[in-house]
Amino acid sequence: MTTVTLREITADTVRAVTQLSVAEGQKGFVASNAVSLAQALFAPSAWYRAIYLGEELAGFVMLEDESLLSPPPARPEVGVWRFMVDARFQGRGVGGAALQQVIEHVRSRKQFTRLTLSYVPGPGCPEPFYLGLGFRHTGRVDGEEVVLELPFAEGGIHHEFGTDSH
């Protein structure tokens, strides 16, 4: 498979990022990238990147990273705020490869004990995808979203993942 990378979004790429879209049946599960980027303008904790497959723009990811706040909390948390792969690139391993890069980015910072994310349950939801990557249920629900976590050993030590079949 061609390499999946995470890249900063620039003035030259922002329009293309806002035009990415999930499959029709998934649109109720994630906000548009335009909304996500607008929210990021007002959220000092937002860390976001475009997902590329080779040189092709394939998706978008945004974290809420409390360590970016000034001053940061004593025990900052980090979670996946938005994650999407364009419908044209789904089923090619892009999502799993991108999320594993996000996990490595978070773990390499060595200040987090876990990475959280949430999803809206329903037909076509990403729960099996996330569980396949090692996330587990926390028992928490935030509004209508089920919260999952990927725990790291203290100090961000390595955690084994499943493989992405999506």
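The values are calculated or read from the model by the stated rules, or taken from the named source; none is laboratory data. Keep in mind that what you see is a predicted model, and the values were worked out from it rather than measured. We place every Cβ from the backbone using ideal geometry, glycine too, and count neighbours over all the protein chains shown.
Answer yes or no as to whether L63 is assigned to a strand (DSSP E or B), within 14 Å of the chain's Cα centre (by Cα) and at negative phi. Explain how you work it out, then say what you get.
Values: assigned to a strand (DSSP E or B): yes; within 14 Å of the chain's Cα centre (by Cα): yes; at negative phi: yes.
Criteria met by L63.
So, of the residues in the stretch 71-92 that are modelled with pLDDT of 95 or more and of a type in the set (G, A, S), which turns out to be nearest to the chain's Cα centre (by Cα)?
Looking at the filtered set, the residue picked out is G79.
Count, please, the residues in the stretch 27-57 that happen to be in a strand (DSSP E or B), crowded, with 17+ Cβ neighbours inside 10 Å and in contact (Cβ under 8 Å) with a residue 24 or more places away in the chain.
Within the stretch 27-57, the first condition is being in a strand (DSSP E or B), and the residues that meet it are 46-53, 56-57.
From the residues that got through so far, the ones that are crowded, with 17+ Cβ neighbours inside 10 Å too are 46-53, 57.
Among the residues that remain, those that are also in contact (Cβ under 8 Å) with a residue 24 or more places away in the chain are: 46, 48-53, 57.
Residues that pass the stated criteria total 8.
Rundown of residues vs (1) surrounded by fewer than 20 Cβ atoms within 10 Å (Cβ to Cβ); (2) of a type in the set (S, T, N, Q); (3) touching a helix residue (DSSP H, G or I) at 6+ places or on another chain (Cβ under 8 Å); (4) assigned to a loop (DSSP other than H, G, I, E, B), yes/no style:
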residue	(1), (2), (3), (4)
P71	yes, no, no, yes
A74	yes, no, no, yes
F83	no, no, yes, no
G95	no, no, yes, no
A98	no, no, no, no
E104	yes, no, no, no
K110	yes, no, no, yes
R140	yes, no, no, no
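Yes or no: V147 buried (at least 22 other Cβ atoms within 10 Å of the Cβ) and at pLDDT 95 or above? Full working, then the answer.
On the way: buried (at least 22 other Cβ atoms within 10 Å of the Cβ): no; at pLDDT 95 or above: yes.
No: the conditions fail for V147.
Filter the stretch 113-132 down to the residues that are among the hydrophobic types (A, V, I, L, M, F, W, C) and either at pLDDT below 95 or out of contact with any Phe, Trp or Tyr (no Cβ under 8 Å at 6 or more places or on another chain) (or both) and list them by number. Steps first, answer last, please.
Filtering the stretch 113-132 down to residues among the hydrophobic types (A, V, I, L, M, F, W, C) leaves 115, 117, 120, 125, 129, 131.
Matches in the stretch 113-132: V120, C125, F129, L131.
Just the residues that are among the polar types (S, T, N, Q) and farther than 20 Å from R75 by Cα, please, taken from the stretch 87-117.
So in the stretch 87-117, the residues among the polar types (S, T, N, Q) come out as 90, 100-101, 108, 111, 113, 116.
If the condition is that a residue be among the polar types (S, T, N, Q) and farther than 20 Å from R75 by Cα, then Q90, Q100, Q101 are the ones that fit.
Only one residue in R114, R109, R92 is farther than 24 Å from P151 by Cβ and among the charged types (D, E, K, R). Which one? Don't jump to the end; show me each part of the working.
Working: R114 fails: farther than 24 Å from P151 by Cβ; R109 fails: farther than 24 Å from P151 by Cβ.
Sole residue among the options that is farther than 24 Å from P151 by Cβ and among the charged types (D, E, K, R): R92.
Can you tell me which of (1) within 20 Å of V146 (Cα to Cα); (2) surrounded by 15 or more Cβ atoms within 10 Å (Cβ to Cβ) is the one P123 doesn't meet?
So P123 meets the others, but not (2).
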